[in-house]
Amino acid sequence: MFHFCFLQLFCKSKQNSFRNHNFYLFLNIDIKPGSRTSTPACGCPKCPTCPTCPPPPAVKSETFLTCEPGWEPHGGNCYYFSTSKSSWTDSRRSCTDLGSDLVKIDSREEQMFLLERLRVLMKDDEDMFWIGLTDSVEEGKWIWVDGSPQDKSLTFWKDGEPDNASKDGAASADCARMSNKIEAQGLKSWFDISCNYPLKSICEKQLD
Ligand SMILES: [Ca+2]
Ligand SMILES: [Ca+2]
């Protein structure tokens, strides 16, 4: 009785202000705890009969691709940094024997990755690495090992290179090597030299 009267008095005084949804929200407060129904959340272990529960996800066995031992993965490719020194041609053959080829640098990002690795691997300023770029077929026409010409907007020759001068006095410098020591200028780290010069090398193959 008291409850009803209280509601009447209260509602009269607040008639205007409760002509909106707040009024109904107020009345709902009086519903006894437990009188509302709710649907248990799916996935709850105490809901064995929940009709809307989706089946648990199947556990799939996935195969993660990775490079062979000794190869370093990066950007969907695998790289091998040789520890032995040989001519450009012999180095390339070593790469092809391993199902790869001398590295072709396709992006600024790939150049940065290689430089970071050479920063660790190079023992001295002359301990440079062959890359898969040569102008041995036609002087001044630099071609990658896959037959594509160098993209002049994506070259990283040191300033003044290539100059077709080889430090061993050879008649020409037709193969490209790269460095990450004091002679390099930021990303500009390619130098041409005689293809017969013995150097380490970088092999690259697709991750598959
Ligand atoms: Ca590449
Ligand atoms: Ca040359």
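The values are calculated or read from the model by the stated rules, or taken from the named source; none is laboratory data. All figures in this text were calculated on a predicted structure; none of them were measured in a lab. Here Cβ is always computed from backbone atoms with ideal geometry, including for glycine, and neighbour counts include all displayed protein chains.
The set of residues in the stretch 78-99 that are in a loop (DSSP other than H, G, I, E, B) and more than 17 Å from GLU68 (Cα to Cα) comprises SER84, LYS85, SER87. Within the stretch 100-122, can one find any residue that is part of a loop (DSSP other than H, G, I, E, B), acidic (Asp, Glu) and either touching a Pro at 6+ places or on another chain (Cβ under 7 Å) or within 16 Å of ligand 1 (Cβ to nearest atom) (or both)? Checked against the condition, which is being part of a loop (DSSP other than H, G, I, E, B), acidic (Asp, Glu) and either touching a Pro at 6+ places or on another chain (Cβ under 7 Å) or within 16 Å of ligand 1 (Cβ to nearest atom) (or both), the stretch 100-122 yields at least one hit. The condition of being modelled with pLDDT of 95 or more and either away from ligand 1 (no atom under 16 Å from the Cβ) or farther than 25 Å from HIS74 by Cβ (or both) holds for only one of ALA184, ALA173, that being ALA173.
Total residues in the stretch 182-195 satisfying the condition of being assigned to a loop (DSSP other than H, G, I, E, B) and either surrounded by 21 or more Cβ atoms within 10 Å (Cβ to Cβ) or in contact with a helix residue (DSSP H, G or I) (Cβ under 8 Å, 6 or more places away or on another chain) (or both): the figure is 4. In the stretch 138-177, of all residues being surrounded by fewer than 18 Cβ atoms within 10 Å (Cβ to Cβ), polar (S, T, N, Q) and more than 9 Å from ligand 2 (Cβ to nearest atom), the one that is nearest to ILE105 (Cα to Cα) corresponds to THR155. Is it the case that SER100 is among the polar types (S, T, N, Q) and in contact with a strand residue (DSSP E or B) (Cβ under 8 Å, 6 or more places away or on another chain)? Criteria met by SER100. Note on the stretch 196-208: among residues that are of a type outside the set (S, T, N, Q), more than 13 Å from MET128 (Cβ to Cβ) and part of a loop (DSSP other than H, G, I, E, B), the one that is nearest to ligand 1 (Cβ to nearest atom) is LEU207.
So is SER153 over 20 Å from PHE81 (Cα atoms) and part of a helix (DSSP H, G or I) or not? For SER153, the condition - over 20 Å from PHE81 (Cα atoms) and part of a helix (DSSP H, G or I) - is met.
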